[in-house]
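To keep things clear, I will list the structure first and then write my remarks on it.
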Amino acid sequence: MNVFLVDDSLVIRQRLKRMITDVPEIHVIGETGSAQEATDAIFAAKPDVVLLDIQLLNGSGIDVLQRLKKQSPVPAVIILTNYPYPQYR
C-alpha cells in the first residue's frame with residue numbers, strides 16, 4: 001500500500017513515516033506540509049491512502065480534501081488532528 005503524508009509539522013511527518021515504514025506492506029511515496037502543494041503532489045504520486053492533517057500551511061486539510069474529491073480516482077483519505085473541537089469530529 002502506498003501512502004502520502006500531508007502535515008505541516010516536519011516532526012509529525014517524520015514520526016508517522018517511521019511508524020508506517022515498520023509495516024513491510026506500506027510505503028510512504030510522498031509528503032508535504034503545504035495545502036497548496038498537496039493536491040498536485042498527491043495526484044502525481046497516485047497513493048492508495050493519504051494521511052491528511054486538518055491544519056496546514058496556506059490552507060486546511062478540508063480544502064485539500066475538497067479539491068481531491070473533484071478529481072478521479074480519489075485515494076482513501078484519513079484526516080488527522082489533535083484539536084478536541086466537536087466540529088472536527
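Figures for the structure shown
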| item | result |
| --- | --- |
| From 29, 12, 78, 62, residue being modelled with pLDDT under 95, β-branched (Val, Ile, Thr) and in a strand (DSSP E or B) | 78 |
| Looking only at segment 9-28, and only at residues there that are in contact with a strand residue (DSSP E or B) (Cβ under 8 Å, 6 or more places away or on another chain) and open to solvent by 70 Å² or more (accessible area, probe 1.4 Å), the one that is farthest from residue 71 (Cα to Cα) | 21 |
| The one condition in (1) open to solvent by 80 Å² or more (accessible area, probe 1.4 Å); (2) touching a residue at least 60 places away in the same chain (Cβ under 8 Å); (3) not hydroxyl-bearing (Ser, Thr, Tyr) that residue 4 fails to fulfil | (1) |
| Hits in segment 44-59 - residues which are modelled with pLDDT of 85 or more and either open to solvent by less than 20 Å² (accessible area, probe 1.4 Å) or in contact with a strand residue (DSSP E or B) (Cβ under 7 Å, 6 or more places away or on another chain) (or both) | 45, 47, 48, 49, 50, 51, 52, 53, 54, 56, 58 |
| Tally of residues being farther than 15 Å from residue 31 by Cα and open to solvent by 60 Å² or more (accessible area, probe 1.4 Å) across segment 64-80 | 8 |
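The values are calculated or read from the model by the stated rules, or taken from the named source; none is laboratory data. In this text, all values refer to a predicted model and were calculated from it rather than measured experimentally. Using ideal geometry, Cβ is built from the backbone for each residue, glycine included, and neighbour counts are taken over all protein chains shown. Side chains included, ligands, DNA and RNA excluded: accessible areas come from the protein's heavy atoms. Shrake-Rupley method; radii C 1.70, N 1.55, O 1.52, S 1.80 Å.
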